[in-house]
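Below: one structure, written as structure tokens.
Each value in this text was obtained by applying a stated rule to the coordinates, not by laboratory testing. This structure is a prediction, so every number in the text was calculated from the model and none was measured. No Cβ is skipped: glycine too gets one built from the backbone with ideal geometry, and neighbour counts run over all protein chains shown.
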Amino acid sequence: MTHATAAPDDGYVFVYGTLKQGCRNHHWMRGTPCLGAARTVHHYALYLEQRIPFLFKHEARYPVSGELYQVDAGQLAHLDVLERHPEWYTRERIAVHAPDGTQVLAWAYFCPAPVGTLLAEGLYVESPD
């Protein structure tokens, strides 16, 4: 079994919603290296309200799929603006399966309570405008 390890500096961020490639807020990731598809090690719940996905940690439903990016403190501060951390979402480190199969610790943005409709699986797909 591979154990999750922290990356140097600020390491990684796991995105599961509108920040993913092809989604409407992906421009916030400009200049941030995408390492590829990733999946949470632990189970969470993913809700959707008005085309905004919300990750909820206190409901173990399924692993959540997303993308893993390498970030520094400046990029995290930039993302905190969009996610309104800590007023709206809260940023916490979680274990994720990296594209190479290892487990790493990555930042993820959680909502404090379920919002909207529970998705049937841990995959957000953005609908066209």
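At-a-glance table
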| quantity | calculated |
| --- | --- |
| Lys, Arg +1 and Asp, Glu -1 on Cβ, resulting dipole of the stretch 12-118 about Cα centre, debye, nearest 20 | 180 |
| When the convex hull of its Cα atoms is projected in every direction, mean area for the chain (nm²) | 7.6 |
| Square roots of 5 times each gyration tensor eigenvalue, C-alpha, the stretch 12-77, largest first, Å | 21, 14, 10 |
| Helix-only [θ]222 nm of the chain, DSSP H runs n ≥ 4, -39500 (n - 2.57) each, per residue, nearest 500 | -2500 deg cm²/dmol |
